[in-house]
Structures are given as structure tokens and as C-alpha cells.
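Asks: Let me give you the structure first, and then I'll get to my questions.
The values are calculated or read from the model by the stated rules, or taken from the named source; none is laboratory data. Treat the numbers as computed from the prediction; the structure is a model and nothing was measured. Heads up, the Cβs are rebuilt from the backbone with ideal geometry, glycines too, and the neighbour counts pull from every protein chain shown. Just the protein is used for accessible areas: all its heavy atoms, side chains included, with ligands, DNA and RNA removed. Shrake-Rupley method; radii C 1.70, N 1.55, O 1.52, S 1.80 Å.
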Amino acid sequence: MNTITSEWKSVDIFTQIKEHEQVMFCNDEKTGLKAIIAIHNTTLGPALGGCRMQPYQTVEEALFDVLHLSKGMTYKCIAADVDFGGGKAVIIGDPRKDKTPELFRAFGQFVESLNGRFYTGTDMGTTPDDFVHAMKETSCIVGVPEEYGGSGDSSVPTALGVIYGIQATNKVLWGSDDLHGKTYAIQGLGKVGLKVAERLLEEGADLYVCDINPSAIESILSYAKKLGAGVKVVQGREIYQTDADVFVPCAFGNVVNDDTVDVLKVKAIVGSANNQLLDVRHGQRLREKGILYAPDYIVNAGGLIQVADELYGSNKARVLQKTKSIYSTLLNIYAQAETENITTVEAANRFCEERLEMRSRRNNFFTRNKRPKWDVRR
Ligand code: NAD
């Protein structure tokens, strides 16, 4: 029997990855690539998920992130009703100084070695241009610039999905889809937040906004001036304490946490940021406070819908049409949560798990294409 060191004995990797189908560690000494690809579930189709680049301090931190994110992608794909499974990749490195074309080509080779089981593209720390290099090694890349056959800026359908999410929420709370006559507190005016803010102003809504980037604030103020609309700029934590009707987080995750959950005065939270609740118990606390929470992965699926659509040949009208279904999906989840007396997150997870169960039953039917390979009459 081989002897191994004690620190190896303490790592039970199969316990950590027990919910996942496959985890691949990618190491390329020549380019310095250190990446992990996690495939959570391919019941609905090949795994799809972005590739994040971050200077993770430890491999465990990177593994934790990729496992968590890839599982989230399974739920997001099911909820958006796209025929993909959940996957994600992380590259361990500093996006400001460790990027090279060779590194992304090496990454592309690893993706290619999965033989169509995993499709990827940009996420935090990576850009569509990085994947133009990866594309030279694999066709399993989505979300590249339009001139390379990609579908363009995915924040357009993401922002539209947030608007549909707000409309569904307003319908439940105030009996009408109307966006006007309400006040929204928007955190983050980047690619998604700015588009949401502009649309809300066009509809006659009032806004509180905050962003750490002064040019983002200038953009919305000059847009508001053109429309003669009202925008109040707030700083930092003030965004959680406004008297707005709806909080719209469009900057970063974990915004609903022990420090914020009790100061929030809004009636609802609907935004694009991923993983808005630090913990499930914060979802429960929102419910106790009577704050309606729109589960983030339902609301922010517009970008996913767009990149998934690339594999059928991009079609903007089809993407926008499909993004519209976020409205009815969210209404169903709100209704289920109400009927079953559970949080909206629990209702969303149940909805996805039931859909997955239904699909896995259907996919197991015998079809002509599943005949044994040795059947020469195929
Ligand atoms: P972005 O980087 O373009 O915008 C983020 C904005 O938040 C920036 O303007 C930044 O200055 C601001 N910000 C950062 N820290 C802040 C702080 N402490 N307070 C206030 N503002 C702060 O990102 P994006 O593409 O607009 O995405 C926004 C969020 O939505 C992210 O969490 C992202 O993961 C999520 N999301 C985006 C998409 C998409 O299609 N772009 C899809 C799904 C989810």
C-alpha cells in the first residue's frame, strides 16, 4: 500500500464534490494556468457557465467558489428553461497582471478536452476578448464579441429581466405592473444597473442611486436632467436605509446580511446581483419583515438566455421573447411561496428541483437514437 502524508489524509475530496458529476483541475506549467472546471449536473444538456479569474488565496477557496457557482448554474438553467446544465470554471490568478493569450489558449484546450460537456465564457475578471484566444482551441465558447459570431452585450437582456421582475413584484404588491409612482433604490450603476435606472426614469419612477464610480453617477444624473426626472444620490450604507418601495441591488452579492436585513425599510428586493442573500436565514428574516424577495437567479437570467441562444444561432427577438417569461415564472414562485407558507427562495428551489425531476424522467425514455451502438441497422 502507498503511504501518504497526514494532510492528504484529512482531505476528503469526494465529500466536498459529492453533488457534482465531475471536477477537473487544469494545470499548465508553461503558461502558468491553474484552473478548476466544475460540472454540477448535465441532466438537461451540456454544462454552461462563465469562467471567473480571481487571485484566490488558496485552492480550497477556488474550489469552494467553483462548486457553489456551478450548482447555482444548474438552478438558473432550469428556471430559465434552457437546455443546459450547470457548470463553472475558475482561473486562479490576478486578472490585472496574469492574463496572456497563451494562458487562455491553454484553458481553451482543457475545455475542448471535455468534448462538448462544458461551454463557457466571461464572468468576473474575464472579458469577451480573453475568450477570442480560447476560441482558437475550442468551439465550446459563448458570449464572444459580435464580430466573432457572439451575441453581444448580455447586460441588455439581463436588465430587461430585472424590469420584468420588478413588474411582477409590483403586480403582487400593488395590483399593477406599472413602474411609475414608485421609488426604487438602485445599488450599482454599471452595465445592468444603469440600463435599469434609465428605463425606470423613462417610466416616470423616482430613484435613489449609489455607485462608487463618479462617472456612473454623472451618467444617470445627465439622463435624468434630459427627462426632467428626479434622482437622489446616496452614499454607501445609506442605500439600505432609504424610504424607497423597492431595493434593486445591481453591484455585488451578499447584500442582505446581519448588518442590513434589519435596517431595510423597502417592500421588495429585485435586482441583478448574484447571491444577494448571505444565508438562507436572511430569506426567512425578509419574509418575517414582510419584504418580498425576488430570487436573484430567476430575475438575472436574461444574460444566460442570450448566451444559451447562441448555440441555436443568435436571434435577438427570440432572446427578448424568452426573457419575458421571467415575469410569469416569478409570479408562479410568489404564488407557490404564499400557498406553501415558505420563503420565495425555497419556492424557487423547489420549482427547479421538480422541473429537473420531470425532465430526468422524460429523458430516460427509450428513443431510436439511443439504440445500442452495435446495432448495425442504425
Ligand atoms: P458592472 O461591473 O458593470 O457594474 C457594477 C457596478 O457596481 C459598477 O458601476 C461599480 O462601480 C458598482 N459598485 C461596485 N461596488 C459598489 C459599492 N460598494 N457600492 C455601490 N456601487 C458599487 O457589473 P454588471 O454587469 O452591471 O453586473 C451587476 C451585477 O449583476 C453583478 O453582481 C453581476 O454578477 C450580476 N449579473 C450580471 C449579469 C450581466 O449580464 N452583466 C448577468 C447576471 C448577473
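Asks: Could you tell me the center-to-center distance, by alpha carbons, between region 142-168 and region 14-34 in angstrom?
Replies: What the calculation gives is 29 Å, centre to centre.
Asks: Identify the trypsin sites (Lys or Arg not before Pro) of region 76-167 meeting these criteria: DSSP loop state and at most 11 other C-beta atoms within 10 Å of the C-beta.
Replies: Listed in order of number, the matching sites are R96, K97.
Asks: Okay, next question. Output wanted: per-residue J couplings in Hz (rounded whole) for region 157-162, from phi through Karplus 6.51 cos²θ - 1.76 cosθ + 1.60, θ = phi - 60°, x for Gly and Pro.
Replies: Using θ = phi - 60°, the values come out as x, 4, 5, 5, x, 5 Hz.
Asks: In the chain, what percentage of the DSSP-assigned beta bridges are antiparallel, given to the nearest 5?
Replies: 30 percent
Asks: Given springs between every Cα pair under 10 Å in a Gaussian network model of the chain, which of A38, A159, A106 has the largest fluctuation?
Replies: Taking springs between Cα atoms under 10 Å, the residue moving most is A106.
Asks: With every protein chain left in place and a probe of 1.4 Å, what is the accessible surface of L221, to the nearest 10 Å²?
Replies: Approximately 70 Å² for this residue.
Asks: For Y119, enumerate residues with amide H under 5 Å from its amide H, sequence gap 5+ or separate chain, H modeled in the peptide plane.
Replies: A47, L48, G49
Asks: Would you calculate a helix-derived [θ] at 222 nm for the chain, using -39,500 (n - 2.57) for each DSSP H run of n ≥ 4 and dividing by the full residue count, to the nearest 500?
Replies: -13000 deg cm²/dmol
Asks: Taking a probe of 1.4 Å, how large is the accessible area per residue of region 1-147, in Å²?
Replies: Here the residues of region 1-147 average 51 Å² of exposed surface.
Asks: H133 accessible area, nearest 10 Å², 1.4 Å probe?
Replies: 50 Å²
Asks: Amide H neighbours of G143 under 5 Å, at least 5 residues apart or on other chains, H built in the peptide plane: list them.
Replies: Amide H to amide H, under 5 Å and 5 or more residues apart or across chains, G143 pairs with S151.
Asks: What is the ratio of the Cα radius of gyration of the chain to 2.2 N^0.38 Å, where N is its residue count, to two decimals?
Replies: Rounded to two decimals, the normalised Rg is 1.04.
Asks: Identify, among A273, Y293, A337, the residue whose Cα sits farthest towards the positive end of the charge dipole of region 155-355, taking +1 on the Cβ of Lys and Arg and -1 on the Cβ of Asp and Glu, with the dipole about the Cα centre.
Replies: About the Cα centre, the residue reaching furthest to the positive side is A273.
Asks: Give K30/K71; K195/K232; K99/K324 a once-over and call out the pairs whose C-alpha atoms are over 28 Å from each other.
Replies: K30/K71; K99/K324
Asks: Given the options P214, P95, P295, state which has the largest fluctuation in a GNM of the chain using a 10 Å cut-off (strictly under) for Cα springs.
Replies: Sorting by GNM fluctuation, first place goes to P214.
Asks: Using a 1.4 angstrom probe on heavy atoms only, work out the carbon and sulfur share of the accessible area of the chain in %.
Replies: 51 percent
Asks: Tell me, which longest segment in the chain has none of the chymotrypsin sites (Phe, Trp or Tyr not before Pro) that fall in DSSP loops with at most 11 further Cβ atoms within 10 Å?
Replies: 1-311
Asks: Right, here's the next one. What whole-number value in Å² describes the accessible area per residue of region 155-355 for a 1.4 Å probe?
Replies: Here the per-residue accessible area is 44 Å².
Asks: What Kirkwood hydrodynamic radius, in Å, does region 155-355 give when the mean of 1/r is taken over all pairs of distinct Cα atoms and then inverted?
Replies: The answer is 16.9 Å.
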